[in-house]
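Accompanying notes for the structure given below.
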Amino acid sequence: MAPGSIPFVPPGVTVDEKTVYTSDGALELPFVPEWVAIVGSGYIGLEFSDVYTALGSEVTFIEALDNLMPTFDREIAKQAERLLIRDRPIDYRTGVFASEVTPGIPGEKPVTIKMIDAKTKYVFIPYILGKVLASRRTYL
């Protein structure tokens, strides 16, 4: 029996399904966002980046560990990077926690993402985006 799954929302991430989405909410968007931030770079985040970049969105990964796709076999990660990341409009921040994600107000106020360096605990200036997609991947 496969009971399915529910989206994982990391501590500090506030989901409103209007500007900050779970992976389930991101499947039901009635539009293609211009820019998407994905918290975590596991299988689900990689799948969403593939879809959204194919539809024309720019993507930024926020990954707590030092490499994208940290749980992948290294050879598979190299192939995935070559095929799904390298030639696409994908930016990434590795070694940082998305410690706080605050929803915005569509058309008025952007989403803010407070990031903390995973090693030094240095707090970054909030990362500002128009839309954010929070993936299911556990990374804390």
Can you spot a residue in segment 92-108 that is at pLDDT 90 or above, under 21 Å from GLY25 (Cβ atoms), in contact with a strand residue (DSSP E or B) (Cβ under 9 Å, 6 or more places away or on another chain) and surrounded by fewer than 18 Cβ atoms within 10 Å (Cβ to Cβ)?
-> yes
Do we find a residue being touching a Pro at 6+ places or on another chain (Cβ under 7 Å) and exposed (fewer than 14 other Cβ atoms within 10 Å of the Cβ) anywhere in segment 26-45?
-> no
Return the total of residues in segment 25-67 being assigned to a loop (DSSP other than H, G, I, E, B), under 13 Å from LEU84 (Cα atoms) and more than 11 Å from the chain's Cα centre (by Cα).
-> 0
With the first residue restricted to segment 37-57 and required to be on the phi > 0 side of the Ramachandran plot, and the second required to be assigned to a strand (DSSP E or B) and surrounded by 19 or more Cβ atoms within 10 Å (Cβ to Cβ), Cβ contacts under 9 Å at 6 or more apart or on different chains are GLY40/PHE61; GLY40/ILE62; GLY40/GLU63; GLY40/ALA98; GLY40/ALA134
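Counting only residues that are among the polar types (S, T, N, Q) and part of a loop (DSSP other than H, G, I, E, B), how many does segment 76-126 have?
Initially, segment 76-126 is screened for residues among the polar types (S, T, N, Q), giving 79, 94, 99, 102, 112, 120.
Checking which are part of a loop (DSSP other than H, G, I, E, B) leaves us with 120.
Adding up the residues that qualify gives 1.
The values are calculated or read from the model by the stated rules, or taken from the named source; none is laboratory data. All figures in this text were calculated on a predicted structure; none of them were measured in a lab. With ideal geometry, Cβ positions are generated from the backbone for all residues, glycine too; neighbour counts draw on all protein chains shown.
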